[in-house]
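Input: a single structure, listed below in structure tokens.
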Amino acid sequence: MILPILQYGDPILRAQGKPIEEIDDRIRELAANMIETMHAAHGVGLAAQQIGEALQLTVLDISAVEDRPSTLKSDGKDADPNSAMPLVLINPEIELHGETEVGVEGCLSFPEITGDIERAHCVMVRAQNLEGITIQIGAGGFLARAIQHEHDHLNGILFIDRMRSAAKAALSSRLRRLQKETKRGISRREALVSETTL
């Protein structure tokens, strides 16, 4: 099922995700819906906060990105990143490695807004998969960038928080407009809910 993606200005995007204690059918269904939603929106990652759930759950799929290379190590061995997609990470912990590099990022919660963001070139990730098994992977290049972006979401950090101040200032009017539209949408939803509960 395709879910609505929350946009900048919704307070849930700033929420710290709660750890997932039990990987049950609800979590498996949520992850499947998130993957479907991410693919429908032509995204490469989606965090639970973006669909209104403050949980430590994110999904990624970089297989359609051909112009920004990625690397993957699984169990210490080189692997084809595309063979691991879509990737579901539950309660992920990441360690940053290597040099940093600046690259362009966008976000499904910020339609048509992009920015240059500095990220570590490599990450080590420890997380659970949908079977509850702890996995450890090493990611480099674009996959490492996508993982860092989504991990930030799980902690209430947005990519605009990592922009240089001049770049953020240049986007300020667009960001304010998006925030206003989102708040208007939230007010309309709340009004509809109160009407139906009367």
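The values are calculated or read from the model by the stated rules, or taken from the named source; none is laboratory data. Computed from a predicted structure; not experimentally measured. When we count neighbours, we look across all protein chains shown, and the Cβ atoms used for this are built from the backbone with ideal geometry, even at glycine.
Looking only at the range 54-85, residues that are more than 17 Å from T134 (Cβ to Cβ), within 14 Å of the chain's Cα centre (by Cα) and surrounded by 19 or more Cβ atoms within 10 Å (Cβ to Cβ) come to 5 in all. Do the conditions hold for S83, that is, is it over 17 Å from Q136 (Cα atoms) and among the polar types (S, T, N, Q)? Criteria not met by S83. Filter the range 10-33 down to residues that are within 15 Å of H151 (Cβ to Cβ) and of a type in the set (A, V, I, L, M) and give me whichever is surrounded by the most Cβ atoms within 10 Å (Cβ to Cβ). Applying the filter and picking the extreme gives L13. Selection of the range 40-52 for residues being surrounded by fewer than 20 Cβ atoms within 10 Å (Cβ to Cβ) and in contact (Cβ under 8 Å) with a residue 40 or more places away in the chain yields A41, G52. Looking at this structure, is I5 out of contact with any Phe, Trp or Tyr (no Cβ under 8 Å at 6 or more places or on another chain) and either within 21 Å of E131 (Cβ to Cβ) or surrounded by fewer than 17 Cβ atoms within 10 Å (Cβ to Cβ) (or both)? Here the answer is no, as I5 does not meet what is asked. Screening the candidates E93, E105, E99, E190 for the property of being over 17 Å from the mean Cα position of the chain (by Cα) and modelled with pLDDT of 95 or more yields one hit, E99. When each of I157, I135 is tested for being within 20 Å of the chain's Cα centre (by Cα), in contact (Cβ under 8 Å) with a residue 12 or more places away in the chain and closer than 30 Å to G76 by Cα, the lone residue that passes is I135. Counting the residues of the range 161-198 that are outside any helix (DSSP H, G or I) and surrounded by 11 or more Cβ atoms within 10 Å (Cβ to Cβ) gives 3. Of all the criteria given as (1) part of a helix (DSSP H, G or I); (2) in contact (Cβ under 8 Å) with a residue 60 or more places away in the chain, the one not satisfied by E36 is (2). All of (1) out of contact with any helix residue (DSSP H, G or I) (no Cβ under 9 Å at 6 or more places or on another chain); (2) of a type in the set (V, I, T); (3) without any contact (Cβ under 8 Å) to a residue 40 or more places away in the chain hold for V123 with one exception: (1).
In the range 105-159, the qualifying residues are those that are among the hydroxyl-bearing types (S, T, Y) and in contact with a strand residue (DSSP E or B) (Cβ under 8 Å, 6 or more places away or on another chain), and the one that is surrounded by the most Cβ atoms within 10 Å (Cβ to Cβ) is T114. Filtering the range 51-105 to residues that are touching a His at 6+ places or on another chain (Cβ under 8 Å) and among the β-branched types (V, I, T) leaves T58, I94, T100.
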